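The structure under discussion appears below in the form of structure tokens.
The numbers here are math on the coordinates, done by the rules we state, and not lab data. These numbers were taken from a predicted model, which means no experiment stands behind them. Because the Cβ atoms are built from the backbone with ideal geometry, glycine has one as well, and the counts that use them run over all protein chains shown.
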Amino acid sequence: MSVAHAQPSILAGQLACGQSLSFRLGLDKDPRPALARLAENFDPSYAILGIGSPLAAALGVSIPGLRAFPAITGPGLSVPSTQQALWIFLKAPDRSGLFDAAAALEWLIDDAFELEDATETFTYAGGRDLTGYVDGTNNPTAEEAPGVALVASGAGMEGSSFVGVQRWAHDLALFRSHHVHVRDNMVGRRHSDNVELKDAPETSHVKRTDQEITGMMLRRSMPWAGARDRGLEFIAFGATLDIFERSLRRMAGDEDGIVDATFRYSRPTTGSYYWCPPTVAGKLNLTKLGIS
Ligand code: HEM
């Protein structure tokens with residue numbers, strides 16, 4: 001049963017605080033001792049761990065379905081790839097818990113991995129994007145989620161998941177400068193009651209990402225905000241990366257030239273894919289990486 005083997009935090013949903021950490025592998029560093037420590041000590045009940053294609057390549061293993069995030073271009077826009085070796089998403093009910101979770105992680109990672117980026121995320125206004133629109137409404141139900149997010153079978157694969165992680169930076173002043181009807185049309189839902197617009201334009205976000213066209217994904221995105229910049233850490237899990245990628249290509253106008261209105265007020269600044277290994281008895285199962 002794949003649910004029993006999943007990293008539980010994937011299905012559990014987000015808490016008040018999060019931190020998205022990405023690491024590169026130090027040149028000429030052997031990742032195996034750190035991975036063996038992670039297999040033994042990483043607690044998947046408060047964090048999610050993903051393996052990127054550079055790490056799989058360094059280990060000389062092939063994970064079926066894992067690939068590097070592609071750089072994509074569309075009419076007037078570009079979507080960058082910033083693929084890293086390792087991704088860890090920490091979650092906690094408050095800032096203190098997040099601090100403790102990060103501290104517990106430090107000694108596990110060792111000097112084999114070098115921190116590329118650490119961005120704190122938070123639940124805004126009960127689950128809204130910083131634009132004020134509810135995010136996650138059309139997510140799969142709790143019953144549907146395992147079928148959408150988890151790999152169903154395969155030795156060392158059952159219960160694992162693939163994730164697309166992409167940071168978007170919003171121009172909120174620009175977004176807010178538009179009348180609410182224009183904003184609703186960009187999103188494809190009414191801000192006042194979150195109802196989907198029947199006559200939403202083809203450029204609206206919900207039309208571009210219509211899951212009846214692409215198939216479903218399990219979104220676990222969270223807002224982030226610094227003093228100057230702010231936006232959404234987009235995080236979506238799937239049994240395959242193909243649905244996320246088709247959705248993103250449709251947003252970028254790569255499929256039919258129609259660009260998602262999201263690009264009018266936000267732009268992607270990072271993009272990477274990871275494979276989230278399964279668990280066994282509450283610990284990471286890294287046998288597929290040759291770590292036992
Ligand atoms: C600036 C970045 C983004 C923002 C602010 C954003 C926000 C939203 C909002 C407000 C909704 C409507 C409510 C809901 O069903 O959740 C939505 C729907 C959705 N978004 Fe995004 N999103 C962003 C990027 C992305 C990306 C990069 C993808 C995938 C590549 C994506 C995939 C989806 C999907 C699949 C839906 C549901 C569509 C449906 O109704 O079937 N979003 N998003």
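For the chain, averaging the sequence separation of C-alpha pairs within contact (under 8 Å, six or more residues apart) and dividing by the residue count gives a relative contact order of 31 percent. Residues TRP87, TRP168, ranked from the fewest to the most other C-beta atoms within 10 Å, line up as TRP168, TRP87. Ordering LYS198, LYS29, LYS288 from the fewest to the most neighbouring beta carbons within 10 Å gives LYS198, LYS29, LYS288. One chain, two ends: THR123 and SER78. Fully extended at 0.36 nm per residue, the span grows by 13.4 nm beyond their Cα-Cα distance.
Put a plus charge on the Cβ of each Lys and Arg, a minus charge on the Cβ of each Asp and Glu, and nothing anywhere else: the dipole of the chain about its Cα centre is then about 300 debye. With the gyration tensor restricted to C-alpha atoms of the chain, the semi-axes of the equivalent ellipsoid amount to 32, 20, 18 Å, longest first.
A straight chain from ALA57 to ASN138 at 0.36 nm per residue would run longer than the Cα-Cα distance by 25.6 nm. Note on the chain: helix-only mean residue ellipticity at 222 nm, from DSSP H runs of 4+ residues weighted -39500 (n - 2.57) and normalised by residue number, equals -7000 deg cm²/dmol. Annotation: the residues ARG246, ARG167, ARG183, sorted from fewest to most other C-beta atoms within 10 Å of their own C-beta, follow the order ARG246, ARG183, ARG167.
What is the sum of charges, Lys and Arg at +1 and Asp and Glu at -1, for the other residues whose Cβ falls under 14 Å from the Cβ of GLY132? Value of the local net charge: +2.
Axis angle, to the nearest 10 degrees, between helix 32-41 and the longest C-alpha principal axis of the chain: 80 degrees. Once the other residues with Cβ under 12 Å from the Cβ of ALA102 are scored (Lys, Arg +1; Asp, Glu -1), what is the net sum? Result for the neighbourhood of ALA102: -1. Note on the stretch 224-248 and the stretch 117-145: Cα centroid distance 11 Å, given to the nearest whole angstrom.
Between SER272, GLY154, ALA200, the Cα set farthest toward the positive side of the dipole of the chain (charges on each charged residue's Cβ, about the Cα centre) is that of ALA200.
Potential lengthening of the chain between LYS198 and GLU40 amounts to 51.8 nm, from the contour at 0.36 nm per residue minus the alpha-carbon distance.
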